[in-house]
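First the structure, in the form of structure tokens, and then the observations on it.
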Amino acid sequence: MPIKVTYDEVPDGANVLQTRGGSMITKMVYGNDCNLMLAVRGPGYHSNPHRHDAEQLNYVLDGEIWVFIGEDGFLTRKGDFCRIPRNALHWAWNRSDGDCTIIECHAPACDPLVRKNAIGLYLDSEIPDLSTAVNTERTDIDAHEIEARILGHAR
């Protein structure tokens, strides 16, 4: 396994969450304690509410996307950072006509073994230890009322 890779050496992955619309293409690398993901969310991308036992930090490289955390929501745009606390219910919705590109970091790592084409970055002498990696828990929560309140319109 390499400890350094180029962008082109990381194959595209796919969204592991069922969505209510749109698409997401990812490039993900990981170590024992965290992962880093570049995610391009297409117009109409709308994830279902989910949570994971990992803190998540996001940086918007390009475009804009609504991020919902619990009962709150906010629009993030190019240049914005945001944090999703550990175990917080959250989801995102790209309501724009363009792609939104985000860098995401999760600590501890979200289980890379369930993510298509994730690449581990390790020295040849290291033995990967993903014993602290966490799963993403999908929920059946209906988020329409929260979205309608935040976005200022009825269902």
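The values are calculated or read from the model by the stated rules, or taken from the named source; none is laboratory data. Quantities reported herein were computed from a predicted structural model and do not represent experimental measurements. When we count neighbours, we look across all protein chains shown, and the Cβ atoms used for this are built from the backbone with ideal geometry, even at glycine. Heads up: the accessible areas ignore ligands, DNA and RNA and are worked out on the full protein's heavy atoms, side chains in. Shrake-Rupley method; radii C 1.70, N 1.55, O 1.52, S 1.80 Å.
Take the conditions (1) under 16 Å from the mean Cα position of the chain (by Cα); (2) open to solvent by 40 Å² or more (accessible area, probe 1.4 Å); residue 145 misses just one of them, which is (1).
Looking at 67, 5, 29, 40, just one residue is over 12 Å from the mean Cα position of the chain (by Cα), within 25 Å of residue 133 (Cβ to Cβ) and assigned to a strand (DSSP E or B), and that residue is 29. Whether a residue is among the β-branched types (Val, Ile, Thr) and under 24 Å from residue 8 (Cα atoms) was assessed, and residue 119 passes this test. There is no residue in region 94-108 that is part of a strand (DSSP E or B), open to solvent by less than 80 Å² (accessible area, probe 1.4 Å), over 29 Å from residue 7 (Cβ atoms) and among the small types (Gly, Ala, Ser). Cβ-Cβ distance below 6 Å, separation of 6 or more or different chains: which pairs start in region 115-144 with a residue that is part of a loop (DSSP other than H, G, I, E, B) and end on one that is surrounded by fewer than 16 Cβ atoms within 10 Å (Cβ to Cβ) and not aliphatic (A, V, I, L, M)? From residues that are part of a loop (DSSP other than H, G, I, E, B), the pairs are 117/11; 122/128.
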